[in-house]
Amino acid sequence: MKCPFCKELDNKVIDSRLSRDGEVIRRRRHCLICNRRFTTYERVEDVLPLVIKKDGTREAFDRNKIKVGLKKACEKRPISIEVIEEVTDSIERHFQELGAKEIRSSEIGEMVMDALYHLDEVAYVRFASVYRQFKDITQFLEEVRELLDHSKRDRTP
């Protein structure tokens, strides 16, 4: 494994931990050249479906795109990277278990929206504004009103 700092291959594993669900191994590594530490994740490579994008093109499923979208939506919010990893893992696992050869990008987007809706309202609205391509403040306000209506219904006994 290359060190992300000095790009050398000479490092050692100093700690390994299994994730809660037993699907990922987290390894802390120590570079023997630059003496810095870094973390790697090891997981079984599963066959994932191709993603059909809005324009009809197809590309390989990329969990990193989900993670990046979640990170941007959750920026400066009280959501840990561990929670973002868990949500990403959950979405990836869902599509692995489906067993479909192809899925629409909109299915992924809706799953991310649903996860953020239950996780953090601000992150949800941030993601929604990009994902749904709000054209003006009116669309943004409609989404917030809908969120507030759901919130009121959830609190009513």
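The values are calculated or read from the model by the stated rules, or taken from the named source; none is laboratory data. Keep in mind that what you see is a predicted model, and the values were worked out from it rather than measured. Counting neighbours? That spans all protein chains shown, and the Cβs are built from the backbone with ideal geometry, glycine included.
Can we say Val112 is of a type in the set (A, V, I, L, M), surrounded by 15 or more Cβ atoms within 10 Å (Cβ to Cβ) and farther than 28 Å from Leu18 by Cα?
Details: of a type in the set (A, V, I, L, M): yes; surrounded by 15 or more Cβ atoms within 10 Å (Cβ to Cβ): yes; farther than 28 Å from Leu18 by Cα: no.
No, not satisfied.
Considering every residue within region 145-155, establish whether at least one is part of a loop (DSSP other than H, G, I, E, B), at pLDDT below 90, loosely packed, with under 13 Cβ neighbours inside 10 Å and not aromatic (Phe, Trp, Tyr).
Pass one, region 145-155, residues part of a loop (DSSP other than H, G, I, E, B): none.
Looking through region 145-155, none of the residues is part of a loop (DSSP other than H, G, I, E, B), at pLDDT below 90, loosely packed, with under 13 Cβ neighbours inside 10 Å and not aromatic (Phe, Trp, Tyr).
From Arg28, Arg20, grab the single residue that is closer than 30 Å to Glu97 by Cα, modelled with pLDDT of 95 or more and outside the structural domain of Lys101 (by TED's automatic domain parsing).
Values: Arg20 fails: modelled with pLDDT of 95 or more.
Criteria check complete, one pass: Arg28.
If we scan region 21-32, do we find a residue that is out of contact with any Lys or Arg (no Cβ under 9 Å at 6 or more places or on another chain), touching a residue at least 24 places away in the same chain (Cβ under 8 Å) and not aromatic (Phe, Trp, Tyr)? Please lay out each step first, then the result.
Of the residues in region 21-32, the ones out of contact with any Lys or Arg (no Cβ under 9 Å at 6 or more places or on another chain) are 22.
This time we only want the ones that are touching a residue at least 24 places away in the same chain (Cβ under 8 Å), so: none.
Within region 21-32, none of the residues are out of contact with any Lys or Arg (no Cβ under 9 Å at 6 or more places or on another chain), touching a residue at least 24 places away in the same chain (Cβ under 8 Å) and not aromatic (Phe, Trp, Tyr).
Just one of the listed residues (Ala73, Ala60) is over 16 Å from Glu110 (Cα atoms) and either in contact with a helix residue (DSSP H, G or I) (Cβ under 8 Å, 6 or more places away or on another chain) or in the same structural domain as Phe127 (by TED's automatic domain parsing) (or both), namely Ala60.
Pick from region 48-74 the residues that are in a loop (DSSP other than H, G, I, E, B) and over 19 Å from Val87 (Cα atoms): which of them is modelled with the lowest pLDDT? Full working, then the answer.
Residues of region 48-74 in a loop (DSSP other than H, G, I, E, B): 48-49, 53-57, 61-62, 74.
When the remaining residues are screened for being over 19 Å from Val87 (Cα atoms), the result is 53-57.
Details: Lys53: 95, Lys54: 92, Asp55: 96, Gly56: 96, Thr57: 97.
Only one residue fits best here, namely Lys54.
Counting the residues of region 86-114 that are modelled with pLDDT of 95 or more and aliphatic (A, V, I, L, M) gives 6.
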